[in-house]
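Just below is one structure, and these are the notes that go with it.
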Amino acid sequence: MATARSFPLHFCGYELDVAMRELRRDGELLAVEPKVFDLLHYLLRNRDRMVPKAELLQALWPDVEVAEASLTSCVGRLRRILSDRGEIVRTYYGRGYQFTAALDPEPSRQNLELPQVATAPPFVGRAVELERLLGAFARARAGTRATVLISGDQGIGKTRLLEELRERIGDQALPLPGQCYEGEGVPAYWPWIQILRSCAAGIGITATAEALAAAGPILGFLLPELTAAAAPAATDGATGRAQLFRAAAAFLKAAALQRPLLIILEDLHWADAATLLLLRSLADELAPAAVMLVATYRSRDISAGSAAAATLTQLERSPECLHLPLDGLDADAIATLITSLAVPATAPVASLARDC
């Protein structure tokens, strides 16, 4: 198997960043399911040959027995994302698949003089917010409902605060991130599909089987690759949605018996209506369970009267809901940040902080 590469791979206007698990087209981030991403990555790494179907099934679903139709469906979704008619992924009918598109040349390492930077900026100025998050997590571990909303402008530090929370919690909880995306073409419930799949991978085969049994076959609407029985098709009406939402809650509550869960739903201002409805339901249904539910959003991107605004209003009515609005750092925190980053300055650090 090929060694991991240091640079994103480029082909046909697409960029595959393995380290970030992202696929972009002309600079635009595309919504790609984990299995579809893994399929593309595996085919690309083995592009010098035709990869048999049995090998792909083993590589993508190593611990789960699935039908060959799951692979066919996965390939079909990949083709739709890549607008591929066989120029990128070639089908050897009845045998396997091969990545056949040409890769763009990798940039020369000698021409890239990138500065060495830390993996994350220093954590400063958010000690109070962090302590409140840790308190909410302690309550969640005890089975008390814990919903946290973190709001603020782009770049204010929402994600950095959550990174520090995850660092402090360590292996006390299973982190389950879900990302909302802007624009059309994103599947309904997409962040929750990410979260549920990560949950299944994190708790293992036996616990996943038990959680699926608790949820029932309707959860196959969100996790078709993990359920043997076909899911009921009627999930759009109020009754079908209620059944689906109860199934998702049952799955997560069963999973939380194995290990506390830290669910992180980022960029809620971009969430689709279905994702918001499921969030509202789970905020009520997940208690009592060792689950902490966190959502981040940009306040100024939430329109009055929108579905997102209605969801936030409902969540904040609960006394167990913690809202952490983030503002800019104070002068002392900025001074500490500048010093720790060793930013060259033409004025004293304290003066720069005051100017900020």
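The values are calculated or read from the model by the stated rules, or taken from the named source; none is laboratory data. Just so it is clear, the model here is predicted, and its values are computed rather than measured. In this analysis, Cβ positions are derived from the backbone assuming ideal geometry, glycine residues included, and neighbour counts consider all displayed protein chains. Note: accessible area is taken over every heavy atom of the protein model, side chains too, but ligands, DNA and RNA are not part of it. Shrake-Rupley method; radii C 1.70, N 1.55, O 1.52, S 1.80 Å.
Normalised per residue, the accessible area of the stretch 130-284 is 42 Å², obtained with a 1.4 Å probe and no contribution from ligands, DNA or RNA.
Highest mean first, the peptides 290-296, 271-277 sorted by other C-beta atoms within 10 Å per residue fall in the order 290-296, 271-277. Evaluated with a Cβ-only charge set (Lys, Arg +1; Asp, Glu -1), the stretch 233-313 carries a dipole of roughly 180 debye about its Cα centre, given to the nearest 20. Each 5 Å bin, from zero up to the one with the longest distance, holds this percent of the alpha carbon pairs of the stretch 4-101: 3, 12, 26, 27, 19, 10, 3, 0. Close amide H contacts of residue 265 (hydrogens built in the peptide plane, cut-off under 5 Å, sequence separation of 5 or more or a different chain): 178, 294, 295, 296. Over all orientations, the stretch 185-297 has a Cα convex hull whose mean projected area works out to 6.7 square nanometres. Peptide packing: for 68-81, 245-258, 15-28, the average count of neighbouring Cβ atoms within 10 Å per residue gives the ranking 245-258, 68-81, 15-28, highest mean first. About its Cα centre, the stretch 273-318 has a charge dipole of approximately 160 debye under the convention of +1 per Lys or Arg Cβ and -1 per Asp or Glu Cβ, with nothing else charged.
In a fully extended conformation the segment linking residue 242 and residue 182 would gain 19.0 nm over its present Cα-Cα distance, using 0.36 nm per residue.
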